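Student: Would you mind keeping the following structure in view while I ask a few things?
The values are calculated or read from the model by the stated rules, or taken from the named source; none is laboratory data. As the structure is a computational prediction, the values presented were derived from the model and not from experiment. No Cβ is skipped: glycine too gets one built from the backbone with ideal geometry, and neighbour counts run over all protein chains shown.
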């Protein structure tokens, strides 16, 4: 029987909670699933592969569906840095001539932007009605049908990020309401109140990396900010 190679153990902190979790690097059979998903260019397939990999590699019990999107992205990038190396190649386009430039980024230098910002997630709708907003989580990720158009995507995300609704003396947990009812509530808002909710969601922490490169075609010095998981695996 061939020997089984032992994998090292590491620790990291979950950005939103500070919880210390133990994990191991992923191995080839697990990476294969991710690579196949990336080849499909399906956001849903990639998201599922990422969450499945986290479930396999994180040894500390965690409720993955309750993690924020930026938690999941950070955990995955940290896993990747220990699994296949700290550097990955991306192909950003020059802002001057649109030429793709292959360059490397250091995964160890990726940070979670806006993590320390104190964002007021309470929105007053009327004298009697107000809402609390939560950051997007894996549990409330959008389905393909909910991403049908950009407008559908924004409305559905706002509905899924409703946390608590205050109506007079009544306190309602949004999760106890159907998605249809939450969408109806969002669609009943004024443009100003809807814009405020969307603004809060847009201020959620996210992965960030400042990338600088000189275009191989026109020589222009480029400075861009990579945001979110998709930007790091172009």
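Student: Considering each of 55, 89 in turn, give the residue that is loosely packed, with under 12 Cβ neighbours inside 10 Å, within 19 Å of the chain's Cα centre (by Cα) and either at pLDDT 90 or above or in a strand (DSSP E or B) (or both).
Tutor: Criteria check complete, one pass: 55.
Student: Does the range 66-75 contain any residue that is on the phi < 0 side of the Ramachandran plot, at pLDDT 90 or above, assigned to a loop (DSSP other than H, G, I, E, B) and surrounded by 15 or more Cβ atoms within 10 Å (Cβ to Cβ)?
Tutor: So far as the range 66-75 goes, yes, one or more of its residues are on the phi < 0 side of the Ramachandran plot, at pLDDT 90 or above, assigned to a loop (DSSP other than H, G, I, E, B) and surrounded by 15 or more Cβ atoms within 10 Å (Cβ to Cβ).
Student: Right, here's the next one. Got at least one residue in the range 135-154 being surrounded by 15 or more Cβ atoms within 10 Å (Cβ to Cβ), modelled with pLDDT of 95 or more and not assigned by TED's automatic domain parsing to the domain that holds residue 107?
Tutor: Taking every residue of the range 135-154 in turn, at least one turns out to be surrounded by 15 or more Cβ atoms within 10 Å (Cβ to Cβ), modelled with pLDDT of 95 or more and not assigned by TED's automatic domain parsing to the domain that holds residue 107.
Student: Of the numbered conditions (1) surrounded by 18 or more Cβ atoms within 10 Å (Cβ to Cβ); (2) out of contact with any strand residue (DSSP E or B) (no Cβ under 9 Å at 6 or more places or on another chain), residue 160 fails exactly one; give the number of that condition.
Tutor: With respect to (1) surrounded by 18 or more Cβ atoms within 10 Å (Cβ to Cβ); (2) out of contact with any strand residue (DSSP E or B) (no Cβ under 9 Å at 6 or more places or on another chain), residue 160 is out only on (2).
Student: With the requirement that a residue be surrounded by 13 or more Cβ atoms within 10 Å (Cβ to Cβ) and closer than 27 Å to residue 155 by Cβ, what does the range 200-227 give you?
Tutor: Listed by number, the residues that qualify are 200, 201, 203, 204, 205, 206, 207, 208, 227.
Student: From (1) under 15 Å from residue 83 (Cα atoms); (2) in contact with a strand residue (DSSP E or B) (Cβ under 8 Å, 6 or more places away or on another chain), pick out the condition that doesn't hold for residue 35.
Tutor: Checking residue 35 against (1) under 15 Å from residue 83 (Cα atoms); (2) in contact with a strand residue (DSSP E or B) (Cβ under 8 Å, 6 or more places away or on another chain), the one that fails is (2).
Student: Quick one: is residue 211 part of a strand (DSSP E or B), touching a residue at least 40 places away in the same chain (Cβ under 8 Å), assigned by TED's automatic domain parsing to the domain that holds residue 16 and under 18 Å from the mean Cα position of the chain (by Cα)?
Tutor: no
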